[in-house]
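Participant: Submitted below is the structure of interest, expressed as structure tokens.
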Amino acid sequence: MFGLGRRRGKPKIEIIINAESLETRVAVVEDARLEEYHVEHPTEERIVGSIYKGIVQNLEDGLQAAFVDIGLRKNAFIHYWDMIPDDAASLLDAEEGRRRRPRRRRRVSKEEIAKRFPSGSEIVVQVTKGPIGTKGPRVTANISVPGRYLVMVPWSRMRGISRKIEEDKERRRIKKILSRIPIPHEVGIIARTAGSGARKTSFVRDIRALAATWEQIREGMEQKKGPCCLYEEPCLVERIVRDFLTEEVKHIVIDAEDQYEHVRKIAATVSRRAASRIEHYQRDAPIFEHYQVDSELAKALGRKVTLPSGGYVIFDETEALIAVDVNTGKHKSSGAQDDVILEVNTEAVKEVARQLRLRNVGGLVVIDLIDMRLKKHQNNVYRIFRDALRRDRARTNVLPISKLGLVEMTRQRVVESVHSSMFVNCPYCAGRGVVKSHLTMSIELQRRLAEIMRRRSDKKRQLQLRVTLHPTVLKRLKKEDEKILIDLESRYNTRLSFRAEPRLHIEEFLINDAETDETLFASHER
């Protein structure tokens, strides 16, 4: 099903939804190519985008930030400059409904904030970044609620239009509509990209729904005591219909009957035609298996991702940095070396842009490209990479290719990556990804034996030691290190016996006195 062919005309988009009791998975397929992958666990609270009434716990002047209890396990983090709502359209990412940081941050004193938000006071905030690793969520007082065609911005008078709507005629049409529809006086609105071509009635219906949502939030602000949740972002399936159901979407296929009916009702609020594009999958084979999504995910989310030309990229994810290495691999070409390198690097940056979306990774990303001698080739690859990143819903910032051939960039990290949500550190290697070699373990064992023998050996009485270790390490001792062990026995008047124990970790071994069964050493290196 999936291919890497060239796109012609408008893309054909399919959305595949696998809804289960413990996990909901969504694959966005564009022109038979997996472009986006989203996962949500229904049993977990939806945090990012949700609005809370929190309690200010403490102010940290050194960090220019406060910690707020919003009812979660860890307190939320908020910068001083995010604690007072801004009435400025430039602070809003209209397409995502998320706030941008001001270009110039005014340093706010602890005293100034303490007057308005003393410890124990209440504050209404929205989560912009979920808990990641050991860090709690990040929040802001700049609240926004996205609808189908509009983004609602409370405590504002702005009337904005998404920058992705570029046609002047369409922008004038939408601006005229926004000036005529009834909008609550304390609420600002911004037209989303989906609003391009939408009728006035669609905008009116959307603003009514958003106004009702805002009324519920206001009631909660007045009646509920913090910490509490005032507004929770819709589930993944509803967000997908809200944000992705455009004219380019050929159909949405979903396997759960109850979710299918729910999605049809949501789509019907958009249009009858939209509802007709919702399909119920009823085959015996799992939906992701039938559409070959599982096999594509296995290839796409691996550490090594191959490129059409035979080259490949390696992805290594750490807590704060993503390292990407580009290699020519099995590239076969009779062309000039510079052209070969340009081709591989071009394919690589396109794939990296796709992988960032698929893996949902963020933070600092460093890409080690193959060195390019020609400046025009470097500029070309950089331009292609920036163009490929434009479709990313997360904010990105890319620097030009450095003299070392590195591309440094940042990508907005809102929730944990797909890798982090699916995997935990291996209990065997403790997350290192490697274990000590048989040679290393043999050396460590010999050192420990020599130490014990020196301390406990007696020329009149032979010392008897029993060593328990992993079978693969014992095999190494018998085949390659037997003479060294015999020499140790002779030098210290000691008799060694060995016992294999498969249940032991490969980096563990035990040394016991064979006569008294006293444990002389037990390694627990993980």
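Since every read-out is calculated from the coordinates, none of them should be taken as a lab result. These numbers come from a predicted model, not from an experiment. Note: ideal-geometry Cβ built from the backbone for every residue, glycine included; neighbour counts use all protein chains shown.
Participant: Amide H to amide H under 5 Å from Gly329: which residues, 5+ apart in sequence or cross-chain, H placed 1.01 Å off N in plane?
Facilitator: Counting only residues 5 or more places away or on other chains, the set is Tyr312.
Participant: What distance in nm lies between label points placed 7 Å from Cα along the C-beta direction at Ile484 and Leu504?
Facilitator: Roughly 1.6 nm, to one decimal.
Participant: Which FRET efficiency, nearest 0.05, do Ser420 and Leu63 yield, Cβ-Cβ r, R0 41 Å? Write out the running numbers ahead of the final one.
Facilitator: Numbers: r = 25 Å, r/R0 = 0.60.
So the FRET efficiency works out to roughly 0.95.
Participant: Hey, another quick one. HN-Hα J couplings of region 352-363 from phi, Karplus 6.51/-1.76/1.60, θ = phi - 60°, integer Hz, Gly and Pro as x?
Facilitator: 4, 4, 5, 5, 4, 6, 4, 7, 6, 8, x, x
Participant: Continuing with this model, one more query. Just to be sure I follow: if Rg is taken over the C-alpha atoms of region 302-422 and Rh is the Kirkwood radius over the same atoms, what is Rg/Rh?
Facilitator: Ratio of gyration radius to Kirkwood radius: 0.96.
Participant: Next question, about the same structure. Once you order the gyration tensor axes a ≥ b ≥ c over the Cα atoms, which shape class does the chain get: rounded for a/c under 1.5, otherwise prolate or oblate by comparing a/b with b/c?
Facilitator: It comes out prolate by the Cα gyration axes.
Participant: Compute the length gained on full extension between Thr472 and Ser179: take 0.36 nm times their separation in residues and subtract their Cα-Cα distance, giving the result in nm to one decimal. Please list the in-between numbers first.
Facilitator: Values: separation 293, 0.36 × 293 = 105.48 nm, distance 7.61 nm.
Contour length minus the Cα-Cα distance gives 97.9 nm.
Participant: Roughly what % antiparallel, to the nearest 5, for the DSSP beta bridges in region 302-422? Spell out each step's value before the answer.
Facilitator: Numbers: 18 of 23 bridges.
Here the antiparallel bridges make up roughly 80 percent for region 302-422.
Participant: Farthest toward the dipole's positive end in the chain, which of Asn379, His280, Thr328, given Cβ charges of +1 (Lys, Arg) and -1 (Asp, Glu) about the Cα centre?
Facilitator: Farthest towards the positive pole: Asn379.
Participant: Can I ask one more? Can you give me the long-range amide H partners of Glu36? Hydrogens built in the peptide plane at 1.01 Å from N, cutoff under 5 Å, separation of 5 or more residues or another chain.
Facilitator: Here Val28 satisfy the definition.
Participant: Let me ask something additional. ³J(HN,Hα) across region 154-167 via Karplus (A = 6.51, B = -1.76, C = 1.60, θ = phi - 60°), whole Hz, x for Gly/Pro?
Facilitator: Going residue by residue, I get x, 6, 8, 10, 5, 10, x, 9, 3, 5, 6, 8, 9, 5 Hz, with x marking Gly and Pro.
Participant: What is the calculated FRET efficiency for Ser121 to Asp513, with r their C-beta to C-beta distance and R₀ = 60 Å, to the nearest 0.05?
Facilitator: On the way: r = 66 Å, r/R0 = 1.10.
That pair, Ser121 with Asp513, gives E of 0.35.
Participant: State the extension gain, in nm to one decimal, for the chain segment bounded by Leu364 and Gln216, taking 0.36 nm per residue of separation less the distance between their alpha-carbons.
Facilitator: Answer, rounded to one decimal: 49.5 nm.
Participant: Further, regarding this structure: Please give the charge dipole size of region 51-233, origin at the Cα centre, charges +1 on K and R Cβ atoms and -1 on D and E Cβ atoms. Round to the nearest 20 debye.
Facilitator: Dipole about the Cα centre, nearest 20: 740 debye.
Participant: Now for a separate question. Find the centroid of the Cα atoms in region 199-213 and in region 400-425, then give the distance between the two in whole Å.
Facilitator: 37 Å
Participant: Indicate the gyration tensor shape class of region 294-373 (rounded, prolate or oblate), computed on the Cα atoms with a ≥ b ≥ c the square roots of the eigenvalues: a/c under 1.5 is rounded; otherwise a/b larger than b/c is prolate and the rest oblate.
Facilitator: oblate
Participant: Also: Non-local amide H neighbours of Gly160 (under 5 Å, H modeled in plane, Pro and chain starts lacking H): which ones?
Facilitator: Ile189, Ile190, Ala191
Participant: What pairs from Lys53/Lys225; Lys135/Lys225; Lys376/Lys403 go past 19 Å between their alpha carbons?
Facilitator: Result: Lys135/Lys225 exceed 19 Å.
Participant: Quick one: length gained pulling Thr306 to Asp371 fully straight, 0.36 nm per residue minus the C-alpha distance?
Facilitator: Difference between extended and current length: 21.5 nm.
Participant: Starting at the first residue of region 225-234, write each ³J(HN,Hα) from the Karplus equation 6.51 cos²θ - 1.76 cosθ + 1.60 with θ = phi - 60°, in whole Hz, x for Gly and Pro.
Facilitator: Karplus values, whole Hz, x for Gly and Pro: 9, x, x, 7, 8, 9, 7, 10, 4, x.
Participant: In the chain, what percentage of the DSSP-assigned beta bridges are antiparallel, given to the nearest 5?
Facilitator: 75 percent
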